[in-house]
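Below is one structure, written out as structure tokens; comments come after it.
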Amino acid sequence: MKTEVILTSNIVGLGGESDQVRVAPGYARNYLFPQRLAIPLSQGNKRRLEALRQRRAEREAHEFNTMSELSKGLAKLVCVLKVKAGEDGKMFGAVTSGMIADELKHQFDVSLDKRKIHLEHPIKMLGEYEVELHLHAEVKGTLKVRVESTTPAAAPVVDAAAPEAPKTEKRGKRTEKTEAVEEKPKAAAKTDKAPKPEKKAKKAE
């Protein structure tokens, strides 16, 4: 059988200040009450509800303002992650929200719960991405994430023999022309020998 308690602090997944919730007796007795996170539900404690509601409103307003300012600041940043990747840009592994949270802390000293970084799927390719942030129930933002390879790009290989190829073709054309020129004198030589049969004819007379 569960027991009813009044929460005096915000507990993720359970409720916030002034909420009346039902929990297991052992959970209330061994954790909530000793940590002063809740008080038993009683007529005397109900009088504290108004003060708890005021405390909750102040906390939520502070969180909203803090997260709104954080969203504006994160929108100006580019979080760079260095990973191992192949020549095709495909990574050996994937970038997760936990890795992004670690790099935010390392690069910009920004502490952000990885659960606030929303990735539909882990990032598995190099490039630049806009990652959605769920900072607050009423505050969302974006963060630019650039994934780069730790392996330097290979320099393009230049083939020194490539420019000489057209010269070989031109030389071939020149030889064709010279061969055509050489054929002309042979034709001329044949025409010079043509009158000789006429001289033989005169001797026969």
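The values are calculated or read from the model by the stated rules, or taken from the named source; none is laboratory data. Bear in mind that the values here come from a model prediction, so they are computed numbers and not experimental data. All Cβ positions, glycine included, derive from the backbone under ideal geometry; neighbour counts span all protein chains shown.
Taking the options 46, 2, 72, name whichever one is of a type in the set (Lys, Arg) and at pLDDT 95 or above.
Criteria check complete, one pass: 72.
Pairs only if they're at least six apart or on different chains, beta carbon under 9 angstrom, first in the range 106-131 and farther than 14 Å from residue 143 by Cα and surrounded by 16 or more Cβ atoms within 10 Å (Cβ to Cβ), second modelled with pLDDT of 95 or more and among the charged types (D, E, K, R); list them, first residue then second.
126/146
Within the range 5-45, which residues are loosely packed, with under 13 Cβ neighbours inside 10 Å, assigned to a helix (DSSP H, G or I) and in contact (Cβ under 8 Å) with a residue 24 or more places away in the chain?
25
Can you tell me which condition residue 59 does not meet? The list is (1) basic (Lys, Arg); (2) in a loop (DSSP other than H, G, I, E, B); (3) closer than 27 Å to residue 110 by Cα, and all the others hold.
Going through the list (1) basic (Lys, Arg); (2) in a loop (DSSP other than H, G, I, E, B); (3) closer than 27 Å to residue 110 by Cα, residue 59 breaks only (2).
Residues to consider are 49, 7; find the one that is assigned by TED's automatic domain parsing to the domain that holds residue 61, closer than 25 Å to residue 62 by Cα and more than 46 Å from the chain's Cα centre (by Cα).
After applying the criteria, what remains is 49.
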